[in-house]
Amino acid sequence: MTIQKVGVIGAGLMGNGITQTCAAAGYSVIMVDMNDAALDKGLNMISGSLERLIKKEKITDSKKASILTHIQITTDYAKLSDCDFVIEAATENLQVKIKILQQIDKIVSPNAIIASNTSSISISQMAAIVSRPERFIGMHFFNPVPMMALVEIIRGLQTSDPTHALVHEMSLKLGKSPISVKNSPGFVVNRILVPMINEAFFVLAEGIATPEDIDNGMKLGCNHPIGPLALADLVGLDTTLAVMEVYFENFSDSKYRPCPLLREMVAAGYLGRKSGRGVYHY
Ligand code: CAA
Ligand code: NAD
């Protein structure tokens with residue numbers, strides 16, 4: 001089987017980045033979201049990201065135009081019927097993902113592969129929702145997708161070897177470096193990264209240092225490209241909190257308790273860059 005047409009569910013931070021990356025590798029891509037405003041915002045982000053790559057002389061104007069011709073947008077799930085591969089990159093919420101997977105499952109061909117870009121939710125649990133769980137897999141990209149080299153490929157209990165092999169091959173075709181990971185909350189990278197970000201919120205809440213000093217500390221002291229609070233703003237505070245909630249619930253260990261300040265900021269609508277305000281203002 002070869003993958004030619006890719007469906008991406010969600011036009012948010014990750015969905016539009018995955019769409020761009022797949023289109024740049026020559027796949028024909030259809031990006032789905034719930035309304036036209038979300039789709040337009042996603043397309044604008046793709047255009048802005050491609051402009052940045054032109055400025056950095058990584059792509060040409062004509063490559064940008066050609067990438068955009070590979071992308072279709074729609075609110076109609078039925079248009080996914082001829083996709084060989086569909087990746088779910090919608091909001092980090094199990095109930096949202098269950099509904100989406102049930103919809104996709106009814107539409108795509110029996111041979112299609114269904115993947116999730118979830119940051120933390122169980123791949124085995126999601127695989128159990130679709131009719132061919134052996135063709136379900138976790139394909140976890142990193143933000144911003146066009147810039148980040150890693151893809152975590154996560155096997156659920158049910159994922160077959162051919163499914164894993166195809167997604168491994170696709171990751172290489174996208175120019176990414178895949179690692180293979182067993183299903184477990186947060187997989188490898190987020191299991192380590194997100195508790196560190198959560199701890200930065202505790203440090204902030206305890207008034208130990210300003211946001212700028214916390215971030216500069218980790219940049220200058222640990223050579224991180226951006227500090228943990230700026231990273232939370234990039235990832236989305238809602239997504240960061242959702243990931244901590246998954247750990248807290250699944251490991252039943254108080255070391256994963258979400259910082260109350262993080263929870264309060266999400267409740268206030270301070271979601272990070274995507275809402276114009278998080279720890280910092282944008
Ligand atoms: N497309 C989209 N966004 C881009 C981009 C592109 N082509 N190029 C850069 N960005 C973003 C940056 O976030 C930032 O935004 P502003 O300019 O608006 O402030 C900006 O664009 C920085 O651009 P620069 O060109 O100045 O920076 P850079 O190219 O030197 O580095 C970076 C940008 C690679 C993102 C770097 O800051 C970095 O590595 N940051 C850490 C990223 C990281 O850790 N990501 C993982 C997050 S965790 C995750 O993804 C998993 C999960 O499940 C939550
Ligand atoms: P986001 O909030 O930027 O975007 C989510 C998008 O999903 C929104 O556009 C929303 O309208 C759409 N959506 C919600 N329900 C939908 C439905 N039923 N059908 C179609 N679209 C729907 O979120 P994001 O940061 O792009 O995260 C998406 C997924 O990727 C999550 O599972 C998240 O954990 C994961 N992820 C996020 C990051 C990150 O740094 N933000 C990194 C890796 C993985």
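The values are calculated or read from the model by the stated rules, or taken from the named source; none is laboratory data. Since the model is a prediction, treat every value here as computed from it, not as a measurement. Please note: Cβ atoms are built from the backbone with ideal geometry, for glycine as well, and neighbour counts cover all protein chains shown. Ligands, DNA and RNA are excluded from the accessible area calculation, which covers all protein heavy atoms including side chains. Shrake-Rupley method; radii C 1.70, N 1.55, O 1.52, S 1.80 Å.
Within segment 180-207, the set of residues being open to solvent by 40 Å² or more (accessible area, probe 1.4 Å), out of contact with any strand residue (DSSP E or B) (no Cβ under 6 Å at 6 or more places or on another chain) and within 13 Å of ligand 1 (Cβ to nearest atom) comprises V189, R191, I192, L193, M196. From the list N117, N93, N111, the lone residue that is in contact (Cβ under 8 Å) with a residue 60 or more places away in the chain, open to solvent by 40 Å² or more (accessible area, probe 1.4 Å) and within 16 Å of ligand 1 (Cβ to nearest atom) is N93.
What residue, among those in segment 50-85 that are polar (S, T, N, Q) and more than 19 Å from D33 (Cα to Cα), is nearest to the chain's Cα centre (by Cα)? Result: S66. From the list K79, K63, K55, the one residue that fits, being within 16 Å of ligand 1 (Cβ to nearest atom), basic (K, R) and touching a helix residue (DSSP H, G or I) at 6+ places or on another chain (Cβ under 9 Å), is K63.
Evaluate the following for K5: is it open to solvent by less than 50 Å² (accessible area, probe 1.4 Å), in contact with a Cys (Cβ under 7 Å, 6 or more places away or on another chain) and among the charged types (D, E, K, R)? So K5 passes the test.
No other residue among D213, D105 is open to solvent by 60 Å² or more (accessible area, probe 1.4 Å), part of a helix (DSSP H, G or I) and not basic (K, R) apart from D213. Selection over segment 159-205 of residues that are away from ligand 2 (no atom under 16 Å from the Cβ), among the charged types (D, E, K, R) and within 24 Å of C22 (Cα to Cα) gives a count of 3. In segment 127-150, of all residues being away from ligand 1 (no atom under 16 Å from the Cβ) and part of a loop (DSSP other than H, G, I, E, B), the one that is most open to solvent (accessible area, probe 1.4 Å) corresponds to R132.
Across segment 8-52, which residue is surrounded by the fewest Cβ atoms within 10 Å (Cβ to Cβ) among those that are free of Cβ contacts under 8 Å to residues at least 24 places away in the same chain, of a type outside the set (K, R) and within 11 Å of ligand 1 (Cβ to nearest atom)? My answer is G48.
Could you please find all residues in segment 66-76 being more than 13 Å from ligand 1 (Cβ to nearest atom) and either within 27 Å of H168 (Cβ to Cβ) or of a type in the set (D, E, K, R) (or both)? Listed by number, the residues that qualify are S66, H70, I71, Q72, D76. In segment 216-238, is there at least one residue being part of a strand (DSSP E or B), away from ligand 2 (no atom under 16 Å from the Cβ) and more than 26 Å from S122 (Cα to Cα)? So far as segment 216-238 goes, no, none of its residues is part of a strand (DSSP E or B), away from ligand 2 (no atom under 16 Å from the Cβ) and more than 26 Å from S122 (Cα to Cα).
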